[in-house]
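For reference, the structure is listed below as structure tokens.
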Amino acid sequence: MQRVVVTGATGHIGTYLVPRLVRAGYEVVAMSRGERQPYHDRPEWRSVRRVTLDREADDAGERIAAERPDVVIDLISFTPESTQRLLDAVQKTRPLLVHCGTIWVHGRAGRVPLTEDEPRTAYGDYGTGKVAIEELLHLQTRTGGVPSVVLHPGHITGPGWRPINPQGNLDADVWRRLATGEPLALPALGLGVLGHVHADDVAQAFERAITRPAAIGSSFHVVAEQAMTCRGLAEGVARWFGREAVLDLVDWDEFERRTDPAQAAATRDHIERSITASIDRAKQILGYTPRYSSLETLHESVRWLAAHGEVEVGGQEF
């Protein structure tokens, strides 16, 4: 039985991935800070050994290596320095390392759909850090070091946490506006692109990556079949409630005047990228088959939030 160590095991992806691995017959060591339980309880968690670990601690790599894993799925490394410490710790045993990147290794898109072979144009600490990790891991593989696979998810979404909304931020009131027919301001003519993906679809890709030797040394986009514009998402959400979306298409200055500064900054971060990522490589090599569309993913997430009193939708059923 292969032993798989998962770091960040109780987070968005791990909540779905760990039960998948147990069902597939792996011995799973689930590492996390121990500050929260998985978003959704599943009986498979009772078959998992739980280990408390701060992924950014200096000895994290050694503690992971001490588990003698056949596979390490690293969901929460954000700097090349952190990844290098892990690589140093597992050089002798060389398990397969599957790393969680991000589609934000791409910056402002010049052509779409973006493939994994496009030159990296990331900006901001998050994206540039993930680019540096990707380069480090692929160099390791090419030079006979630790073999690796890098998966680049989009906006990971699922029941239990607040998703990026059709405005491109986390303002919970956007859902109420769409549900009740109030106007919703959108910049850039509503044509900014968002790439939602269900957390279970991301987990599917990680599970498949373990069993595909041809994946080693490559990167893969992991998103829904189609990205959607902000306008398309807003119209789709309004239809859940039997309404037409009332959209106020405004310029950026007007949008920022009307919007909380933190939310407006989040919108700009998402809209300026507008990444449409191809999943052809993931389909061909991993056998990745996303189950959820972007709107289906959002529907499940928002329905959970409304049922748990975390968003207001005007008391309407959907």
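The values are calculated or read from the model by the stated rules, or taken from the named source; none is laboratory data. Given the structure is predicted, the values throughout are model-derived calculations rather than measurements. Ideal geometry is used to build each Cβ from the backbone, glycine not excepted, and the neighbour counts take in all protein chains shown. For accessibility, only protein heavy atoms count, side chains too; no ligands or nucleic acids. Shrake-Rupley method; radii C 1.70, N 1.55, O 1.52, S 1.80 Å.
Key figures for this structure:
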quantity: Failed item, numbered, when Arg111 is tested on (1) assigned to a helix (DSSP H, G or I); (2) under 30 Å from Gly192 (Cβ atoms); calculated: (1)
quantity: Test set (1) over 24 Å from the mean Cα position of the chain (by Cα); (2) loosely packed, with under 14 Cβ neighbours inside 10 Å - Gly34 fails condition number; calculated: (1)
quantity: Test result for Gly160, open to solvent by 10 Å² or more (accessible area, probe 1.4 Å), assigned to a loop (DSSP other than H, G, I, E, B), free of Cβ contacts under 8 Å to residues at least 40 places away in the same chain and of a type in the set (Gly, Ala, Ser); calculated: no
quantity: Members of the stretch 200-222 that are open to solvent by less than 20 Å² (accessible area, probe 1.4 Å) and among the small types (Gly, Ala, Ser); calculated: Ala203, Ala205, Ala209, Ala215, Ser219
quantity: Looking only at the stretch 223-271, and only at residues there that are assigned to a helix (DSSP H, G or I) and of a type in the set (S, T, N, Q), the one that is most open to solvent (accessible area, probe 1.4 Å); calculated: Gln263
quantity: All positions within the stretch 188-199 that are open to solvent by less than 10 Å² (accessible area, probe 1.4 Å) and in a loop (DSSP other than H, G, I, E, B); calculated: Gly192, Gly195
quantity: Qualifying positions in the stretch 121-150 - part of a helix (DSSP H, G or I) and open to solvent by 50 Å² or more (accessible area, probe 1.4 Å); calculated: Asp125, Tyr126, Thr128, Glu135, Leu139, Arg142
quantity: Every residue from the stretch 114-139 that is in contact with a strand residue (DSSP E or B) (Cβ under 6 Å, 6 or more places away or on another chain) and not hydrophobic (A, V, I, L, M, F, W, C); calculated: Glu116, Glu134
quantity: Filter result for the condition that a residue is in contact with a Lys or Arg (Cβ under 9 Å, 6 or more places away or on another chain), hydroxyl-bearing (Ser, Thr, Tyr) and farther than 30 Å from Tyr123 by Cβ, over Thr93, Thr102; calculated: Thr93
quantity: Subset of the stretch 175-187 (residues that are part of a helix (DSSP H, G or I) and surrounded by fewer than 21 Cβ atoms within 10 Å (Cβ to Cβ)); calculated: Arg176, Thr180
quantity: Failed item, numbered, when Glu118 is tested on (1) of a type in the set (D, E, K, R); (2) free of Cβ contacts under 8 Å to residues at least 24 places away in the same chain; (3) open to solvent by 40 Å² or more (accessible area, probe 1.4 Å); calculated: (3)
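Results for (1) free of Cβ contacts under 8 Å to residues at least 40 places away in the same chain; (2) under 28 Å from Glu81 (Cβ atoms), shown as yes or no for each residue.
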{"residue": "Arg3", "(1), (2)": "no, yes"}
{"residue": "Gly8", "(1), (2)": "no, yes"}
{"residue": "Ile13", "(1), (2)": "no, yes"}
{"residue": "Val28", "(1), (2)": "yes, yes"}
{"residue": "Glu35", "(1), (2)": "yes, yes"}
{"residue": "Glu44", "(1), (2)": "yes, no"}
{"residue": "Arg49", "(1), (2)": "yes, yes"}
{"residue": "Thr52", "(1), (2)": "yes, yes"}
{"residue": "Pro69", "(1), (2)": "no, yes"}
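To keep it simple, each residue is scored yes or no on (1) within 30 Å of Tyr288 (Cα to Cα); (2) touching a Pro at 6+ places or on another chain (Cβ under 6 Å); (3) among the charged types (D, E, K, R).
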| position | (1), (2), (3) |
| --- | --- |
| Gly192 | yes, no, no |
| His198 | yes, no, no |
| Ala205 | yes, no, no |
| Ala209 | yes, no, no |
| Val223 | yes, no, no |
| Ala234 | yes, yes, no |
| Leu249 | no, no, no |
| Trp252 | no, yes, no |
| Thr259 | no, no, no |
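Here's the yes/no breakdown for (1) surrounded by fewer than 22 Cβ atoms within 10 Å (Cβ to Cβ); (2) more than 23 Å from the chain's Cα centre (by Cα):
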residue	(1), (2)
Pro19	no, no
Glu27	yes, yes
Tyr39	yes, no
Glu44	yes, no
Ala65	yes, yes
Asp70	yes, yes
Ser77	no, no
Gln84	yes, no
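Table: residues versus (1) touching a helix residue (DSSP H, G or I) at 6+ places or on another chain (Cβ under 6 Å); (2) under 30 Å from Glu235 (Cβ atoms); (3) modelled with pLDDT under 95.
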position	(1), (2), (3)
Leu86	yes, no, no
Ile103	no, yes, no
Arg111	no, yes, yes
Pro166	yes, yes, no
